[in-house]
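Down below is the structure, laid out as structure tokens.
The values are calculated or read from the model by the stated rules, or taken from the named source; none is laboratory data. Everything numeric here is computed off the predicted structure, so don't read it as measured data. Every residue, glycine as well, gets a Cβ built from its backbone with ideal geometry; the counts of neighbours run over all protein chains shown.
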């Protein structure tokens with residue numbers, strides 16, 4: 001079967017970038033990460049990425065670690081609410097649900113129509129998974145989620161909120177906490193310094209892409225809603241399992257500093 005050629009600067013390329021990171025992480029560190037879907041997708045597409053060496057290695061580890069973190073959070077929630085909805089905000093081609101599926105939970109994958117179109121082409125339909133084309137800031141998508149309070153609901157936004165303005169993140173999360181009582185939200189974040197470095201390091205060449213949202217202190221968001229029952233900030237690179245010695249002393253030192261400085265963080269919010 002002929003491979004699908006992915007052109008630079010297209011929606012397909014931006015969606016494949018984090019998958020490529022996870023693919024490379026699996027190749028470099030066997031047994032540490034598990035995402036068979038990304039391996040299968042790259043057997044069907046043809047694309048070349050320019051970042052090599054330490055930047056490729058760093059990006060791969062960070063992309064794979066982020067998915068591992070989200071999966072760990074979802075698994076923990078599903079232990080208490082096995083029939084919960086698992087909602088992937090800004091899903092792209094992410095397949096975290098495949099790693100946490102317990103045979104009872106239901107998944108909802110949300111993204112812009114062009115992203116959902118690519119997702120449908122490359123991943124197809126899966127049992128108990130629903131793809132929803134929408135703008136996350138248009139909360140009419142709430143009504144498309146078959147939410148049952150007794151079953152629970154867990155949301156995660158992987159590499160998404162950076163691109164939202166603070167008032168947009170606030171409006172969305174406040175509305176979610178009001179509508180989805182007893183649910184949980186997880187997302188990755190950085191502080192203001194990390195936001196500047198992120199744009200310089202990872203978004204060079206993407207002139208039409210900007211990043212806005214950052215978290216310097218939990219007080220930045222804790223006062224947004226009385227329906228935020230509990231907010232926890234955890235380490236991004238070492239908060240859900242120890243760093244792998246195979247990464248090397250220098251890189252692990254960098255990762256520890258990123259965690260310690262708040263430039264890489266995971267935020268978990270429980271809804272009242």
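I'd like the full set of residues that are in a loop (DSSP other than H, G, I, E, B) and more than 23 Å from residue 58 (Cα to Cα), limited to the range 182-203. If the condition is that a residue be in a loop (DSSP other than H, G, I, E, B) and more than 23 Å from residue 58 (Cα to Cα), then 182, 183 are the ones that fit.
The C-beta contact set for the range 224-249 (first residue on the phi < 0 side of the Ramachandran plot and without any contact (Cβ under 8 Å) to a residue 40 or more places away in the chain, second residue surrounded by fewer than 17 Cβ atoms within 10 Å (Cβ to Cβ) and in a loop (DSSP other than H, G, I, E, B), distance under 8 angstrom, 6+ apart or interchain) comprises 231/218; 233/218.
Just one of the listed residues (112, 156) is in contact with a strand residue (DSSP E or B) (Cβ under 9 Å, 6 or more places away or on another chain) and modelled with pLDDT of 95 or more, namely 156. Cβ-Cβ distances below 9 Å connect the following pairs, each with a first residue in the range 187-203 that is under 21 Å from residue 231 (Cα atoms), a second residue that is in a helix (DSSP H, G or I) and modelled with pLDDT under 90, and a separation of six or more residues or different chains: 190/197; 190/198. Applying the set (1) buried (at least 19 other Cβ atoms within 10 Å of the Cβ); (2) free of Cβ contacts under 8 Å to residues at least 60 places away in the same chain to residue 165 leaves exactly one unmet item: (1). Restricted to strands (runs of 3 or more DSSP E) entirely inside the range 98-181, those with at least 2 residues that are under 16 Å from the mean Cα position of the chain (by Cα) are 106-111, 153-157. Within the range 79-97, the only residue that satisfies the criterion of being out of contact with any helix residue (DSSP H, G or I) (no Cβ under 6 Å at 6 or more places or on another chain), in contact (Cβ under 8 Å) with a residue 60 or more places away in the chain and assigned to a helix (DSSP H, G or I) is 80. If the condition is being within 19 Å of the chain's Cα centre (by Cα), over 25 Å from residue 222 (Cα atoms) and assigned to a loop (DSSP other than H, G, I, E, B), then the range 232-257 contributes only 241. Residue 111 falls short on exactly one of the conditions (1) surrounded by 20 or more Cβ atoms within 10 Å (Cβ to Cβ); (2) closer than 18 Å to residue 71 by Cβ, and that condition is (2). Residues considered: 193, 229. Of these, the only one that is surrounded by fewer than 17 Cβ atoms within 10 Å (Cβ to Cβ) and touching a strand residue (DSSP E or B) at 6+ places or on another chain (Cβ under 7 Å) is 229. Here residue 72 meets the list (1) in contact (Cβ under 8 Å) with a residue 40 or more places away in the chain; (2) within 17 Å of residue 187 (Cβ to Cβ); (3) surrounded by 23 or more Cβ atoms within 10 Å (Cβ to Cβ) almost entirely, failing just condition (3).
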